[in-house]
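Notes to accompany the following structure.
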Amino acid sequence: MSAQPRQPTLPARLEAEFSSLLKELSACGHQASALIERTRLPRWCRHPLFFFLGYIAKAEGRVTEADIRNAEGLMKALKLSQRQRRRAIQWFQQGKSASELPWFRGLSIRMTRPVWPAPALQVAICLCHASQLKGRPAKPQQYRCEDAIDQIGLPIAVSDDIYESYASKIWRQQVEKSSEPSTYEQACQLLGVTRRETLADIKKAYRRKVSECHPDKLAQQQVDSFEQKAAKERLLRYQQAWELIKRRHRVTG
């Protein structure tokens, strides 16, 4: 079933720019790095962008390989030099270390947004993309993403529209195409860990994943029927991944 058309909720100029960028995002296959490569991003947006990316990546206490690959993809899209890449990595690390957002971090974007809304919207799309690398974002990632979007002077409703675009084009396909992991590497990737981590750490990651799909938790969040179906599918894949990992480590029970 196709997604319902967006209902304008923003000032006319901001709405027009946002609608255009969402269409461009869809044309790019919902890849934020491809969007940035095609639309460009002002140099002065780089510091807050990579800081916010690090802040979102650390939402659940650890940064995954997917978070790093996403940041590297944006560096490539921005065509950063080696020196610029080092600075972007430093900003990402600063974001990782932050327990809350400094009030001034997105100030340059916030001040220019009324007269030039495109950069703020581009950054917002990049942040929403980063928060949903493994599908519908968990609450910690979503809340940090919303905090960053608010800090750059955009209404939180912007994130809802961006997520809705991913839901209709990407998340549904992920549920439909998901399959049982067949290798140890696939099982680890599904649980958000690497093969180098200990079994105890992998088990902790597995339990976190399972808790996200628990029916009681979903009931409290009042999720829709699609998300309930997606959660059941994810739960099955997490269980299959854990069983494969246990067999590899010769663990019973």
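What to note about this one:
- R0 of 22 Å, Cβ-Cβ distance Lys229-Lys139: FRET efficiency to nearest 0.05: 0.70
- Carbon + sulfur, % of accessible area of region 1-136 - ligands and nucleic acids excluded, 1.4 Å: 52
- Mean-position separation - Cα centroids, region 66-132 and region 7-64, in angstrom: 9
- The chain - Rg over Rh from alpha carbon coordinates, Kirkwood radius: 0.98
- Label-to-label distance, Trp44 versus Glu100, with points set 7 angstrom from Cα along the beta-carbon direction: 2.7 nm.
- Scalar couplings 3J(HN,Hα) for region 53-64, obtained by applying the Karplus form with A = 6.51, B = -1.76, C = 1.60 to θ = phi - 60°, are 4, x, 4, 5, 4, 8, 4, 9, x, 8, 9, 9 Hz; x denotes Gly and Pro.
- Between Ala27 and Glu72, the modelled label-to-label distance comes to 2.9 nm, taking each label 7 Å out from Cα in the direction of the beta carbon.
- When all alpha carbon pairs of region 36-134 are counted in 10 Å bins from zero, the resulting P(r) reads 16, 52, 30, 2 %.
- Partners for Lys76 among aspartates and glutamates (Cα-Cα distance below 15 Å; same-chain residues under 8 apart left out): Glu37, Asp67
- Cα-Cα over 28 Å, subset of Lys79/Lys229; Lys204/Lys232; Lys96/Lys246; Lys79/Lys203; Lys139/Lys169: Lys79/Lys229; Lys96/Lys246; Lys79/Lys203
- Other residues whose C-beta falls under 12 angstrom from the C-beta of Glu65 contribute a net charge of +1, scoring Lys and Arg +1 and Asp and Glu -1.
- Against the chain, whose longest principal axis is taken from its Cα atoms, helix 139-151 shows a tilt of about 10°.
- Full-stretch length increase - Arg247, Thr198 - with 0.36 nm per residue and alpha-carbon distance subtracted: 16.2 nm
- Helix-only mean residue ellipticity at 222 nm for the chain, each DSSP H run of n ≥ 4 adding -39500 (n - 2.57), per residue, nearest 500: -20500 deg cm²/dmol
The values are calculated or read from the model by the stated rules, or taken from the named source; none is laboratory data. If you're wondering where the values come from, they're calculated on a predicted model, not measured in any experiment. No Cβ is skipped: glycine too gets one built from the backbone with ideal geometry, and neighbour counts run over all protein chains shown. The accessibility values were calculated without ligands, DNA or RNA, using every heavy atom of the protein model including side chains. Shrake-Rupley method; radii C 1.70, N 1.55, O 1.52, S 1.80 Å.
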